[in-house]
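Chemist: Here it is, the structure in full.
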Amino acid sequence: MWYSGVYTEWYSSKNNKKETMPIFSYLAMPREGARENLCTELSNLEYCQIIPAENKEIVVLVTDTPDEDIERSLQLKLKNLTSLQSLSLAFGYDEQD
Amino acid sequence: MRLDRRQFIKQAAISSAFATAGALFPGISFGGWSSLAQNSGMISWQKSPCRFCGTGCGVLVGVSDGRAVAVKGDPNCSVNKGLCCMKGYHSVQALYGKDRLTKAMVRKNGSLVEVPIQEALDLIAQKLQETKDKHGKDSVAMYGSGQWTIPDGYVASKLFKGCLGTNNVEANARLCMASAVTGFMTSFGLDEPMGCYEDIDHANVFVTWGNNMAEMHPVLFSRMLAQRKRKVDVKIIDFATRYTRTSQAADKTIIFKPQTDLAVANAICYEIIRNDWVNSNFVNEHVSFHKGKTNIGYGTEDHFVFNDKAEPMSFDDFKVFLEDYTPEKVEKLSGVPAKDIKYLASLYGDPSVKVTSFWCMGMNQHTRGTWINNLVYNIHLLVGKISTPGNSPFSLTGQPSACGTVREVGTLTHKLPHGVVMNEQDREMAADIWDVPVENIDPKPSYHTVEMFRALDRGDIKFIWIQVTNPMVTMPNLIRYRDGALKDDRFVVVSDVYPTPTTDVADVILPAAMWIEQEGMYGNSERRTQHFAQIVDPPGEAMSDTWQIIEVARRLGFEKQFPWDESDYIEKIWEEYRRFHAGPKHEMAPYSVLTQRSGVQWPFVNGEETRWRFNPKYDPACTNGKEYDFYGKKDNRAWIWARPYEPAAESPDSEYNFWLNTGRVLEHWHTGSMTRRVPVLHNAVPSSYVELHPEDAAELGVVNGERVKIISRRGEITMPAQINGRGVPVRGMVFVPFFDESYLINEVTLDAFCPISKQPDYKKCAVRLEKA
């Protein structure tokens, strides 16, 4: 199943515990002048992989978490990153669905 | 396997993010992705330009167990930003057709028999030498392709022009973009577009001149549609002779009678001047006016010769010339309402609107192809809409390396890698780089493509080597040229990847490596050179076309000129070739840069690509200190040409009362020898057809699928009718795609050509129809 909406929409629609978590990719935009910080902060988060653009202030973030609790916790951490201005979901694939 | 699957999904997640980023931020680049992708564990991905059209989309080829198994658009390639068309997505399947040529064949007692490839190469060298010794250097010829890689064309030119001393080197790009070349040369003194695809992201108006981009350049067309969706003030104007899928998506379609685009272009200029929309500062500073010969003929006779002569004229003279082209007068000739001509002029004339004109075969395959190229430049030059982002007269090419190999390497009879054979300094440069005596290079051009095949028919040429092209499907007036190739004392060598009607006439067939089975470079429509590595092995004894030529050259005694080792010959050839283009006007990127990037635009100066030529903001070759520098011409100006309307070589009459127009379809690449072996593409359009206007079909008494005989003065063909299909011709015209070798429409077409470019007109001849 493919998602075009934001992660929270997907998550709130799920009631059951899941055996396999979806993989998500996002476009992360740093606050002005905070690109390097954002890359560092995201790199330090577990279950995150980043690919910074060479020529734009954009970072691709891919998350691959093992369970819902960790996913929820990661979302919270992302929300609290001071260097992050916005996060847009680009891809989500749930193998179970 | 579970882990692999997760990684595969992760790759998809990354690709999706790149595609989204590419759509939001044009030109965005993620350099680190390739290395990441290599580690997926399932499929390794390597970059390449697409095999097919001249757009030059970047693709990523997925390889598993030594076999190319998948294709995706390369998000790092600014051409297509991750998108492909259906041919691109299915391109790797063309490598694996069941009847792939894997062994050399030699005709013995009338039948082709398999031989070791080294034996075939021995025979080719022997026959070539014998023919040259017995009949002279101009009795041997090489006919190549805009699908040749750059090294293929370079070694062919070096062998034939530099070593053997004949200018009998031509390529099928003569059939598809020679008029674009002569258009550029006569208007600007330098070949290839001044703009780039990024113009699409800046333009407000797109005018497609006889150009069905929706099918022929679908990725660029998608970029145009995306631009229209992003912005509120973008229009697409389809200026055409038949209704196509481009018409369906355009904001307005304007239909003109064949050949009258010449008159309409002049009428647009007339209106621009009449309404005082001329950019006087630009014209006074950067433009000069010229006229050439008129009533210049059509080249239908053997040994036809034409040389144009430019004479200067004033702006006032030009205004007088245009008085024959008022919109009202041109309406009667062209069928285009005067109000539509005025509308087009108003788009070009509005200084607040950025206009990009696109064209391809409609303007180039034209008996006045050079002229109509000149005339569209005239329009842009009068209003100063050129060489700035979004303002671009843009000639598109049809083949992946028509620009890179044919135009830049110079695999045409009059050309050298730098300059022309007629120029002493250019010959000296070539002789120096090639390490041959300068006397080897003949200062006189020999045969352009149509005349080359006429010479083969006459017997002036007795040995011809054809690589990466299928002239026994594509030559106009085909019956004459096929009969010529089959004559007893002709020796025809064909290098190809599949059996074709051209291999049917061969005395020797060499199995060729295809696309990513070899290393090479292509050059696309926007001056972008694109390197690809050898990604998979060629089948059987298949060998790259470059290496085939090197093998024969060495057998002929030219080891010194072709000294390279198989392990790095492409790099060595590239670095030798690059010497021809040193300097800011055409500097090419070094090999090490090409291997790293998804294409590099030339001139590549001080590590920077040049996106808009002749504009000092972008082009380091500009030195005159002015806003523009048209440095290709000696007067440092772009040339506006007074070129009149002249009729087509053959027009409908009482006996042959229909126009015949030929062309392509989205699903198939040219003669279909590759795409017809891809099941998805073949099944989408399994065979050719003739498009008729519904009223013409009704008068003829045929319905969809019924067979129609198309008869011209040269031949006839019977094929199924298509009515109200993807294309709908106007009344009095039929259209036939040429991809299907079962229906050789070129047995019907006429071998008339533009006297300046020598490019044939496949869009206009007269036929009559019968219900079969």
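Chemist: Considering the range A:22-44 alone, what residues qualify as being closer than 21 Å to B:T20 by Cβ and part of a loop (DSSP other than H, G, I, E, B)?
Modeler: A:P22, A:R31
Chemist: Are any of the residues in the range B:143-156 open to solvent by 10 Å² or more (accessible area, probe 1.4 Å) and at pLDDT 95 or above? Before you say what the answer is, go through the steps one by one.
Modeler: Step one: filter the range B:143-156 for residues open to solvent by 10 Å² or more (accessible area, probe 1.4 Å), giving B:147.
Keeping just the survivors that are at pLDDT 95 or above gives B:147.
Scanning the range B:143-156, I find at least one residue that is open to solvent by 10 Å² or more (accessible area, probe 1.4 Å) and at pLDDT 95 or above, so the answer is yes.
Chemist: Continuing with the same structure: Assuming B:Q365 fulfils every condition listed in (1) under 18 Å from the mean Cα position of the chain (by Cα); (2) under 22 Å from B:K252 (Cα atoms); (3) open to solvent by 10 Å² or more (accessible area, probe 1.4 Å); (4) among the polar types (S, T, N, Q) apart from one, which condition is it?
Modeler: (2)
Chemist: Mind checking which residues of the range B:177-201 are within 16 Å of B:E526 (Cα to Cα) and not in a helix (DSSP H, G or I)?
Modeler: B:M177, B:L190, B:D191, B:E192, B:P193, B:M194, B:G195, B:C196
Chemist: Check every one of the strands (runs of 3 or more DSSP E) wholly within the range B:687-730 and list those with 3 or more residues that are open to solvent by 10 Å² or more (accessible area, probe 1.4 Å), under 20 Å from B:C765 (Cα atoms) and in contact with a strand residue (DSSP E or B) (Cβ under 9 Å, 6 or more places away or on another chain).
Modeler: Filter on the range B:687-730 gives B:716-723.
Chemist: Further question: Could you tell me whether B:S64 is open to solvent by less than 20 Å² (accessible area, probe 1.4 Å), more than 10 Å from chain A (Cβ to nearest Cβ), over 19 Å from B:G520 (Cβ atoms) and modelled with pLDDT under 90?
Modeler: no
Chemist: When you look at B:P443, is it of a type outside the set (D, E, K, R) and out of contact with any Phe, Trp or Tyr (no Cβ under 9 Å at 6 or more places or on another chain), yes or no?
Modeler: Answer is yes for this residue.
Chemist: Being polar (S, T, N, Q) and either within 28 Å of B:K98 (Cβ to Cβ) or touching an Asp or Glu at 6+ places or on another chain (Cβ under 7 Å) (or both) narrows it down to one of B:Q530, B:Q561, so name that one. Full working, then the answer.
Modeler: Working: B:Q530 fails: either within 28 Å of B:K98 (Cβ to Cβ) or touching an Asp or Glu at 6+ places or on another chain (Cβ under 7 Å) (or both).
Among B:Q530, B:Q561, only B:Q561 is polar (S, T, N, Q) and either within 28 Å of B:K98 (Cβ to Cβ) or touching an Asp or Glu at 6+ places or on another chain (Cβ under 7 Å) (or both).
Chemist: Right, another one. Quick one: in the range B:27-42, of everything that is open to solvent by 30 Å² or more (accessible area, probe 1.4 Å) and facing chain A (nearest Cβ under 10 Å), which residue is modelled with the lowest pLDDT?
Modeler: By that ranking, first place goes to B:L36.
Chemist: Run B:L159 past the list (1) within 21 Å of B:C403 (Cα to Cα); (2) in contact with a strand residue (DSSP E or B) (Cβ under 7 Å, 6 or more places away or on another chain); (3) assigned to a helix (DSSP H, G or I) and report the number of the one that doesn't hold.
Modeler: That leaves (2) as the condition not met.
Chemist: Just give me the residues in the range A:66-97 being open to solvent by less than 30 Å² (accessible area, probe 1.4 Å) and of a type in the set (F, W, Y), in sequence order.
Modeler: A:F91
Chemist: Right, next: On the given criteria, is B:T102 under 31 Å from the mean Cα position of the chain (by Cα) and within 30 Å of B:T675 (Cβ to Cβ)?
Modeler: Details: under 31 Å from the mean Cα position of the chain (by Cα): yes; within 30 Å of B:T675 (Cβ to Cβ): yes.
Yes: the conditions hold for B:T102.
Chemist: Being touching a Gly at 6+ places or on another chain (Cβ under 8 Å) and outside any loop (DSSP other than H, G, I, E, B) is the filter here; which residues of the range B:737-759 pass it?
Modeler: B:P737, B:E747, B:F753
Chemist: Okay, next question. Looking only at residues in the range A:33-65 that are open to solvent by less than 40 Å² (accessible area, probe 1.4 Å) and among the hydroxyl-bearing types (S, T, Y), which one is nearest to the other protein chains (Cβ to nearest Cβ)?
Modeler: Ranking the candidates gives A:T63 first.
Chemist: Before we move on, is B:N615 over 18 Å from B:Y154 (Cβ atoms) and out of contact with any strand residue (DSSP E or B) (no Cβ under 9 Å at 6 or more places or on another chain)?
Modeler: Details: over 18 Å from B:Y154 (Cβ atoms): yes; out of contact with any strand residue (DSSP E or B) (no Cβ under 9 Å at 6 or more places or on another chain): no.
Judged against the criteria, B:N615 is not a match.
Chemist: Do you know which residues across the range B:381-429 are under 26 Å from B:C53 (Cα atoms), of a type outside the set (V, I, T) and not in a loop (DSSP other than H, G, I, E, B)?
Modeler: B:N391, B:S392, B:P393, B:F394, B:S395, B:A402, B:C403, B:G404, B:R407, B:E408, B:K415
Chemist: Same structure, new question: Which is hydrophobic (A, V, I, L, M, F, W, C) and touching a Lys or Arg at 6+ places or on another chain (Cβ under 8 Å), of B:A721, B:A752, B:A697?
Modeler: From the options B:A721, B:A752, B:A697, the qualifying one is B:A721.
The values are calculated or read from the model by the stated rules, or taken from the named source; none is laboratory data. Please read all numbers here as calculations on a predicted model, not as lab measurements. Positions of Cβ are generated from backbone atoms using ideal geometry, with glycine treated the same way; all protein chains shown enter the neighbour counts. What goes into the accessible areas is simple: the full protein's heavy atoms, side chains included, and nothing from ligands, DNA or RNA. Shrake-Rupley method; radii C 1.70, N 1.55, O 1.52, S 1.80 Å.
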